[in-house]
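The values are calculated or read from the model by the stated rules, or taken from the named source; none is laboratory data. None of these values were measured; they are calculated from a predicted model. Heads up, the Cβs are rebuilt from the backbone with ideal geometry, glycines too, and the neighbour counts pull from every protein chain shown. Heads up: the accessible areas ignore ligands, DNA and RNA and are worked out on the full protein's heavy atoms, side chains in. Shrake-Rupley method; radii C 1.70, N 1.55, O 1.52, S 1.80 Å.
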Amino acid sequence: MTITAATPQERMQSARTASRSVGLLTDAAKAGVLRGLADAIDANVDLIVSANAEDVARGRADGLTTGLIDRLTLDPARVRALATAVRDVADLPDPVGRVLDDRVLDNGLHLQKVSVPFGVIGSIYEARPNVTVDIAALALRSGNAVVLRGGSAAQSSNAALISVMRGALADAGVDPEAIQTVDDFGRDGARALMRARGLVDVLVPRGSAQLIETVVTESSVPVIETGAGVVHIVLDASAPLEWATDIAVNAKVQRPSVCNAVETLLVHRDAATRLVPPVVAALQERGVTVHGDAEVAALASDVVPATEDDWATEHMSLDISIRVVDGLDDALAHIRRYSTQHTESIITTDDGIAERFLAEVDAAVVMVNASTRFTDGGEFGFGAEVGISTQKLHARGPMGLPELTTTKWLARGAGQIRS
């Protein structure tokens, strides 16, 4: 469905206007809209995959990394998975209208604190067409309009997805201006979105550390920061070999291009001889290049010497850094220095060590004996996610529907005046 507004500001004003009617939709109406949107995506798989093929071909020609190509690619199965995720969001409880506080003052004034939509959600991201659908679905389910800037790498994919979704809104009798894009304005569109204070209520960036830093520092719109994932797994002295191997391989190999993939293993010195050789071998068998310190290199073959930069790198590829540490205190010190406060995990059978790790690690998600790949809105039961917040205000960790609402106080009186 064609967008006719001529400027980014006009499109954002249209989204602002549409947000007022979307915010008044009932729970059942919002769920129905999303199911119609999912059906439209299913009905247009070939169109979406064809548009995506243009982006992938252009990305390969432009030299995009393997990780970015993986994030960019939409095959039929991935498109259908997007539709399934939208239906999952439709089935979630309505986050709007929750009563968060209820009290009656001594003078009889009845106060209620309730959850309400933000109004207009903006998002700037790159090479991730799945985000186009995830954020639109979550925004609509929480009663918000959305303005998207998905980047030039996925422009054809995003245009097809947005057209399909706007058409589904129109078919449902909902103002299609509730889904807007500024992609066709390029960087000017991104700048306009970052400066749209008063039109856009909150902005969520997703992408590289450089993109996120740019949005955080240049935006006049309030930003929920989603950070890079320099993710660690600690293999404690008591770590069972099977757990250590299975979790390390899963966290690195299942999808290395995403922010919850592990980037660094820290191995307790007392377990290094027992764990390093088989864990490194298991990773290498699956094509992982191991960057290790001198002790790791002495225990395993074909190890690339780790540099200082490796410890701070989000590889987003089949690369992993491994270091031997003296114990939990040494591991915690390493994490404090290099962590991006995304996700950290420890493999241990020592309950005391586990509880110390949970208490002392400062990250959005802290795990014991589990793959870091579980840090995900879908895995957490949110249906989809807006992003994974690594900041501490308003939202932290995977953000679903409740994080796309704010609050207001309702006061019901009977003529009270303040003395």
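Less than 23 Å apart at the alpha-carbon level, and either on another chain or at least 8 residues along: which lysines does that give for Lys392?
Partners found: Lys113, Lys408.
How big is the gap, in Å, between the Cα center of the stretch 87-165 and the Cα center of the stretch 357-419?
That distance is 13 Å.
No solvent, one uniform scatterer per C-alpha: report log10 I(q)/I(0) for the chain via the Debye equation at q = 0.06, 0.08 1/Å, two decimals.
With one equal scatterer per Cα and no solvent, log10 I(q)/I(0) is -0.28, -0.49.
Over the Cα atoms of the stretch 101-238, how large are the radius of gyration and the largest Cα-Cα distance (Dmax), in Å?
Rg and Dmax of the stretch 101-238, Cα atoms, are 18.7, 62 Å.
Pull up the cross-link candidates among the aspartates and glutamates for Lys30, meaning alpha carbon to alpha carbon under 20 Å and not fewer than 8 places away within one chain.
Answer for Lys30, where 20 Å is the Cα cut-off: Asp39, Asp42, Asp88, Asp91, Asp94, Asp134, Asp171, Asp175, Glu177, Glu385, Glu403, listed by chain and number.
If you line up the Cα atoms of the stretch 155-206 on their principal axes, what length do they span on each, largest first, in Å?
32, 26, 18
Just order 301-310, 82-91 by mean Cβ neighbour count inside 10 Å, highest at the front, would you?
82-91, 301-310
Return the carbon/sulfur percentage of the accessible area of the chain, one whole number, probe 1.4 Å, all protein chains in place. Each step should come with its number before you reach the end.
Working: 8870 of 17440 Å².
Carbon and sulfur together cover 51 percent of it.
How high is the relative contact order of the stretch 90-249? Use alpha-carbon pairs under 8 Å, at least six apart in sequence, and give a whole percent.
Contact order relative to length: 19 percent.
Would you calculate the volume per residue, in Å³, of the smallest convex hull containing every Cα atom of the stretch 232-379?
Per residue, the Cα convex hull of the stretch 232-379 comes to 95 Å³.
How do Thr217, Thr348 stack up against each other in accessible area, from largest to smallest, with a 1.4 angstrom probe?
Of Thr217, Thr348, the descending order of accessible area is Thr217, Thr348.
Calculate the FRET efficiency for Glu242 and Val99 from the Cβ-Cβ distance with a Förster distance of 41 Å, rounded to the nearest 0.05.
Step by step, r from the Cβ atoms, then E = 0.30.
With every protein chain left in place, what is the accessible area of Leu100 in Å² (1.4 Å probe, nearest 10)?
90
How fast does the stretch 1-77 diffuse by Stokes-Einstein, in µm²/s, taking the Kirkwood radius from C-alpha pairs at 20 °C and 1.002 mPa s?
The diffusion coefficient I find is 137 µm²/s.
Averaged over all directions, how much area does the convex hull of the C-alpha atoms of the stretch 67-168 cover when projected, in nm²?
8.3
Take peptides 374-381, 102-109, 256-263, 222-229 and line them up by average Cβ neighbours within 10 Å, highest first, as a rough protection proxy.
Result, highest mean first: 256-263, 222-229, 374-381, 102-109.
If you roll a 1.4 Å probe over the heavy atoms of the protein chains, what accessible area per residue do you get for the stretch 232-379, in Å²?
Result: 40 Å² of accessible area for each residue.
With each pseudo-label sitting 7 Å past Cα toward Cβ, what's the Asp309-Arg418 distance in nm, one decimal?
Here the modelled spin labels are 5.9 nm apart.
Please compute the length gained on full extension between Glu285 and Asp302, using 0.36 nm multiplied by the number of residues separating them and subtracting their Cα-Cα distance.
Once the chain is fully extended between Glu285 and Asp302, it gains 5.0 nm.
Give me the tail of P(r) for the stretch 196-283 as a percent: Cα-Cα pairs with distance above 14 Å.
69
Would you mind calculating the gained length between Val216 and Trp409 on full extension (0.36 nm times residue separation, minus the Cα-Cα distance), in nm to one decimal?
So the extension gain works out to 66.6 nm.
What residues have an amide H closer than 5 Å to that of Ala239, excluding those fewer than 5 places away on the same chain, when H is modeled at 1.01 Å from N in the peptide plane?
Placed amide hydrogens put Thr349 under 5 Å from Ala239.
With runs of 4+ DSSP H residues as the only contributors, calculate the mean residue ellipticity of the chain at 222 nm using -39,500 (n - 2.57) per run, divided by the residue total and rounded to the nearest 500.
Counting only the DSSP helices, I get -13500 deg cm²/dmol.
Calculate how steeply helix 76-90 sits against the longest principal axis of the alpha-carbon atoms of the chain, using the helix alpha-carbon long axis, and give the answer as 0 to 90 degrees to the nearest 10.
60
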